Each structure stands twice: as structure tokens, then as C-alpha cells.
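Enquirer: I have a structure I would like to understand better, so I am pasting it below and will then ask my questions one at a time.
The values are calculated or read from the model by the stated rules, or taken from the named source; none is laboratory data. As the structure is a computational prediction, the values presented were derived from the model and not from experiment. Glycine gets a Cβ as well: all are built from the backbone with ideal geometry, and neighbour counts include every protein chain shown.
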């Protein structure tokens, strides 16, 4: 069990309240024991994770279709990389407002609104495909809309999680949330590749199969998962957390940045992830590897996309049984270094099984960083700041993932795909070494408990203006 939990399972009623004090019906206060699946004692946590499983499954399938469609239209690594920039760009402009809104309004309502927008965008992708889109600019425009929904839903979703489970179950909740995410990441690309290539004429009428094949079939599937997500989240009973009546101005919106800057432990963990994944992100170039280097086709692309998630899933399952109880910082740094080394191996590989193994290691090593960073973020942040701090974290993660895709596409255009990936992996190794030197609090971080992380993060918060 995670360090800091009650070894006897006899925890007081006060300790079983959700971390931020929200009244979360179904949080299972009467069953405070910790264990492998303790987070699932909460009804709302179960509903939310089922909803996430479905919607991430659809999103990952859709990403395969979008990537293949864009590359088929343009045959350009740069324009393929622009898809990531389109998803990330709205966050650059709206993330400060998104964090403040997540602290001020009902987070569940924000999530529902944002995913309704994403459903509308998926309908637009479907319509464009059915009408035979031959240019990428309409696809880019729709991706901007999806990015807008993600910019506002990300901080709200991250800040919502602590209200679903008791604090002693939170690390377990983060780990299981990662497992759900990785299961969907494994299945999603495979489903996307399958739907993209399946001969629908054998299943449905040939006249319909002419239009409802390839990307159109994938987008229809994604739309279904989005609608199911909206239904499941709407059925949750979690009450809104106490609203923070802050003035809506630049000072309050920047409070999240100030808090992260003052908390060197949090700053170190987030910035390490930012630069390591930004430089070492090879996933944006997987369509190029599948088509031009490994000659694996669309089905091979789905398999390549699934391998990092398979590695992450394996590590997540192990961590539910053997959670990180000590030396969290050193383990995070070591695993990020492994991530960089595996990226170099993948970049150099010309053999499918070696590439798959390297991607497996990339996902496994990255998962340790995800769990540690997620625990530091939520357990080490006051409830009234979680929305804005989550917004900063979302910006960093978006920069390392979506903007990282743009960076990968750009460098692949300059140097070629192989050199881009190899140089990026070497850069991740260098960043890990620098983080170990410049962030000693991260290097020396110990147990992942609320008490130890809050103590490590103890900094004087800047005063905020109140309405």
C-alpha cells in the first residue's frame, strides 16, 4: 500500500473525506481501507474512469485517422506536425482563463461543455470526410476547436479528481487513472487502424461502404464514445467544490504560475517532463516510420501507437501492487533517462520488433514520471489553487505533447525523421542530467503522501485580491 496510509485500515471518518473537502457522494467514507483497487470504492470514480476509458479510446482512434489522412493528403512531415500545433495553440491563449474558471465554477459542468464542443468538432471531421476533403486547412480548423475544448477541460478534469476519493486513496486513484488511460491508448490506435482498413463492403451495403470507410468509420466511432462520455459524467453525483470568489484579473490568473515557480519540487517535476518529452517525443513521426521506414502500413501504425501504452499499462499494474514508497525523485530521474535512451534506439531501428520493444520501454519509463508528477501536483497543492496549478501543468504537458509534435515535424523536415528522433532522445538525456543538478528537491523527494509533499512544497502563497 502507499506509504502514509493506515497499515491497519482503521482511518478516522474525517480522514476519509475527499481531499479538497467536497461532498462527493459515493466516495466510500465508510470503507476507508487502502488496497489494490481502493479508489474504486467511490461510485463517481468508477463512473468517471469508465467515461475516460471510452472517450480516450475514441480520441486515440481519431488521432490515427487524422494523422493518416493528413499525411495522405500532403505527404509532408511538417504538415503532419502542424496537427499537434493546432491542438495545442488554443491553450497558449486561454489556459490562464481556463485555470481560473476551473477554480471558480462547477468543474463537472465545465467538462461536459468542453466535451460537447469536441463532439461537434468530430461531427465536422465526419462531414468533411464524407464530402471528400482534399485540403488540410479545414482539418486544421476543426483541430483548433478540439484544442479549445481540451484547453478548458484539462484543468477542470485534473482538479476534479481529488473530490472523488479520500486522500489516502488518491495515489491509488492516480495509478488506476493511468491504467485506464493506457488501456485506452493501447486499444484506441489499434481500433483506429482496424476501422481505417477494415473492408466494410463485406459488412454493410456496398453503396454505403463507399462513403463510410477509412477515416469516416473512425470518426463515427469517436462520436459515439464522446456521447457516452457525456451521459456517464452527467450521471455523477459529486457536488461542486467550494467556489473561490476571486477577482477575475491577470493577478489571480497568474497565481498558478507564481505557485509553481515558488514550489521548486513541483517546478522541477513539471519542467523535467516538459523538456524531456518535448525533445524525445517520437510519436508524431510514427506515420512516417510506419509508411517509409518500417513499411508496416496503417495497421502497423496502430500497433506502433499502442506499444508505449502497453509498456505504461504493465508498469501501472505493478505500481498498484508495489507503489512508490521512497526515493520518488531519484526513480523519476532514472526513468526519464531510460526514456531518452529508448528513444535513441527507436530512432535508429529498421526492424519492426526492435522498434516495438523500444516503444514499449518508452511507455513504461514515462509512466513512472506521470504517476509521480500527478501525485506531487494534486497532493502538494492547496484545493483553492488546484485549477490554476492544473492549468499550468496542462500547458506544460500540452507543450511537451502537442507542441512537441510540431517540433518533431519541423526537425524531421530539416534533418530527416531518423536524425530528428535520435537527436531528441539525446536531448532528453541531457535534460535529465541538468534537472538532477538544478532541482535538488526533486532529486531528494521521498514518499508520495499528502503530508510529505505539502511539507516539501511549503511556500508562502502570494495574496490574491478578492471581490
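Enquirer: Name the residues in region 112-143 that are in contact with a helix residue (DSSP H, G or I) (Cβ under 9 Å, 6 or more places away or on another chain), under 14 Å from residue 70 (Cβ atoms) and assigned to a helix (DSSP H, G or I), would you?
Expert: 125, 128, 129, 138, 139, 140, 141, 142, 143, listed by residue number.
Enquirer: Also: Mind counting the residues in region 152-174 that are at pLDDT below 85, more than 13 Å from the chain's Cα centre (by Cα) and over 26 Å from residue 89 (Cα atoms)?
Expert: 11
Enquirer: Right, something else. Looking only at region 233-252, count how many residues are at pLDDT 65 or above and surrounded by 19 or more Cβ atoms within 10 Å (Cβ to Cβ). I'd like the intermediate steps shown before the answer.
Expert: Of region 233-252, the ones at pLDDT 65 or above are 233-239, 251-252.
The next check asks that each one be surrounded by 19 or more Cβ atoms within 10 Å (Cβ to Cβ); those that pass are 233, 236, 238, 252.
Qualifying residue count for the region: 4.
Enquirer: Tell me the residue from 387, 363, 302 that is within 28 Å of residue 430 (Cβ to Cβ) and in a helix (DSSP H, G or I), please.
Expert: Details: 387 fails: within 28 Å of residue 430 (Cβ to Cβ); 302 fails: within 28 Å of residue 430 (Cβ to Cβ).
Of the residues listed, the single one that is within 28 Å of residue 430 (Cβ to Cβ) and in a helix (DSSP H, G or I) is 363.
Enquirer: Outside any loop (DSSP other than H, G, I, E, B), in contact with a strand residue (DSSP E or B) (Cβ under 8 Å, 6 or more places away or on another chain) and under 22 Å from residue 50 (Cα atoms): does that describe residue 162? Let's see the steps before the verdict.
Expert: Details: outside any loop (DSSP other than H, G, I, E, B): yes; in contact with a strand residue (DSSP E or B) (Cβ under 8 Å, 6 or more places away or on another chain): yes; under 22 Å from residue 50 (Cα atoms): yes.
Yes: the conditions hold for residue 162.
Enquirer: Under the condition of being under 17 Å from residue 104 (Cβ atoms) and modelled with pLDDT of 75 or more, which residue from region 388-413 is surrounded by the fewest Cβ atoms within 10 Å (Cβ to Cβ)?
Expert: 392
Enquirer: Of all residues in region 323-346, how many are modelled with pLDDT under 85 and surrounded by fewer than 19 Cβ atoms within 10 Å (Cβ to Cβ)?
Expert: So the count comes out to 5.
Enquirer: Would you mind finding the one in 208, 223, 227 that is modelled with pLDDT under 80 and surrounded by fewer than 21 Cβ atoms within 10 Å (Cβ to Cβ)?
Expert: Details: 223 fails: modelled with pLDDT under 80; 227 fails: modelled with pLDDT under 80.
Step by step, each of 208, 223, 227 is checked, and only 208 is modelled with pLDDT under 80 and surrounded by fewer than 21 Cβ atoms within 10 Å (Cβ to Cβ).
Enquirer: Would you call residue 91 farther than 15 Å from residue 219 by Cβ and at pLDDT below 85? Show your work before the answer.
Expert: Values: farther than 15 Å from residue 219 by Cβ: yes; at pLDDT below 85: yes.
Yes: the conditions hold for residue 91.
Enquirer: Please identify the pairs in which a residue from region 412-425 that is on the phi > 0 side of the Ramachandran plot has its Cβ atom under 9 Å from the Cβ atom of a residue that is buried (at least 16 other Cβ atoms within 10 Å of the Cβ) and assigned to a helix (DSSP H, G or I), counting only partners at least 6 apart or on another chain.
Expert: From residues that are on the phi > 0 side of the Ramachandran plot, the pairs are 416/77.
Enquirer: Still on this structure: May I ask you to list the residues in region 335-353 that are over 21 Å from the mean Cα position of the chain (by Cα), farther than 20 Å from residue 185 by Cα and in a helix (DSSP H, G or I)?
Expert: Keep residues of region 335-353 that are over 21 Å from the mean Cα position of the chain (by Cα), which gives 341, 344-353.
Among the residues that remain, those that are also farther than 20 Å from residue 185 by Cα are: 341, 344-345, 347-351.
Passing the criteria: 341, 344, 345, 347, 348.
Enquirer: What number goes with the only condition from (1) surrounded by 24 or more Cβ atoms within 10 Å (Cβ to Cβ); (2) at pLDDT below 80 that residue 202 does not pass?
Expert: (1)
Enquirer: Another question, if that's okay. Identify all residues within region 109-140 that are free of Cβ contacts under 8 Å to residues at least 40 places away in the same chain and more than 22 Å from the chain's Cα centre (by Cα); write none if there are none.
Expert: 124, 127, 128, 131, 132, 137, 138
Enquirer: Go through (1) under 17 Å from the mean Cα position of the chain (by Cα); (2) closer than 25 Å to residue 169 by Cα; (3) crowded, with 21+ Cβ neighbours inside 10 Å and name the single condition residue 88 misses.
Expert: The single condition residue 88 does not satisfy is (2).
Enquirer: Then there's this: Within region 102-109, is there a residue that is touching a helix residue (DSSP H, G or I) at 6+ places or on another chain (Cβ under 6 Å), more than 16 Å from residue 223 (Cα to Cα) and surrounded by fewer than 23 Cβ atoms within 10 Å (Cβ to Cβ)? Break it down into steps so the answer makes sense when it comes.
Expert: Filtering region 102-109 down to residues touching a helix residue (DSSP H, G or I) at 6+ places or on another chain (Cβ under 6 Å) leaves 102-103, 107.
When the remaining residues are screened for being more than 16 Å from residue 223 (Cα to Cα), the result is 102-103, 107.
Keeping just the survivors that are surrounded by fewer than 23 Cβ atoms within 10 Å (Cβ to Cβ) gives none.
Checked against the condition, which is being touching a helix residue (DSSP H, G or I) at 6+ places or on another chain (Cβ under 6 Å), more than 16 Å from residue 223 (Cα to Cα) and surrounded by fewer than 23 Cβ atoms within 10 Å (Cβ to Cβ), region 102-109 yields no hits at all.
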